[in-house]
Amino acid sequence: MEQSCAWRSKTTVPSRSSCRPTTGRPVSERRRRLLPYLAFAALGLIWGASFLLIKIGVRDMSPTVLVLIRAGSGAIALAVIMRAMGRPLIGASWKQRLPSFVFMAVSNALLPWVAIAWGEQHISSGLASILNSTTTLWAAIFIYWVIPAERPSLVNYFGVLLGIAGVAILVFPDISKHGVTGNVLGVLAVVAASMSYAVSALYQRTKMRGMNVYEQSLGQLGLTAIIAIPFAAPSVSQVHLAFISIAAVVALGVAGSGVAYLLYYYTMNTLGPVRATGVTFVVPITAVFWGVVLLRESLGLPVVTGMLVILIGVVLTNLRRRQRSAVERESAVA
């Protein structure tokens, strides 16, 4: 609580120290504003590694089995975290929210995860991560009609186009060497996954806003695992029990799904859907980073150039308008 000197007698000269404003609130405010961006950065690092883990896992199992293990391990990890924090696993109004959980499980997990895993059977993990960055483009296009208060500005749209240009710079060397004739379906599968991510992001923002992030994440992962069972069952017998593959998919579930979805929904509620899905622009950069560190992959000039262009695009896409409506201000701090 701020201290005022107005109550003092006019004959009393207040000391500087007694009337010095406290700095606690500004520091807390700065930290509060910084947290969404720290979560954004952590999410980019985790999801960048996810594409490598998917590539490892899909060598020894079908995409549907991979999704089942990923969702199941993620749900178990998140349930353990919630119980350790003393949080209930099921909310009081879960029956009313079940349709929303089902929609998010299908559009934000089952369909895109299967599509990406299937796509990585035909294209590289780096190319898949690059194509995944088109999520922000679809979100920016769809949001024009869905959430009028958060329509991107012309500068935001220019940032999106610049990010896509960076993606093109990254993709060109791969296409020039191998072509796209045999990989067209793989490319289209990942692009379709990106569109599904964009739709689910806007649905979450409009229909599930204010819902507890733990409840959202656990509800989505648990239902994804349940829905995936009948699709994965026919190919379970074909799984090769290689330790590296199983470990990669379990790590993908625990970190890339369990922890990552907490960060994702947090950034969604604080930064908005377009800015939150902007993490897909950062993911190709972190995917390349993990490739260099873990797989000893080399960096060429096109890769470095593409990453820089994407970074500039992310900055422009995340610029906020100076004058925002009350709805926008409320969205930013929710």
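The values are calculated or read from the model by the stated rules, or taken from the named source; none is laboratory data. Quantities reported herein were computed from a predicted structural model and do not represent experimental measurements. Neighbour counts run over all protein chains shown; Cβ positions are idealised from the backbone, glycine included.
Key figures for this structure:
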quantity: Matching entry among Ser200, Ser235, Ser217 (being touching a residue at least 40 places away in the same chain (Cβ under 8 Å), polar (S, T, N, Q), closer than 27 Å to Ser125 by Cβ and in contact with a Gly (Cβ under 8 Å, 6 or more places away or on another chain)); calculated: Ser217
quantity: Single unsatisfied condition, Leu98 versus (1) at pLDDT 85 or above; (2) within 20 Å of Val279 (Cβ to Cβ); calculated: (2)
quantity: Restricting segment 19-45 to residues that are at pLDDT below 80 and hydroxyl-bearing (Ser, Thr, Tyr), the residue that is surrounded by the fewest Cβ atoms within 10 Å (Cβ to Cβ); calculated: Thr23
quantity: Yes/no for Trp138 being at pLDDT below 85, surrounded by fewer than 24 Cβ atoms within 10 Å (Cβ to Cβ), in contact with a helix residue (DSSP H, G or I) (Cβ under 7 Å, 6 or more places away or on another chain) and over 19 Å from Met307 (Cα atoms); calculated: yes
quantity: Leu131, sole failed condition from (1) touching a residue at least 40 places away in the same chain (Cβ under 8 Å); (2) surrounded by fewer than 24 Cβ atoms within 10 Å (Cβ to Cβ); calculated: (2)
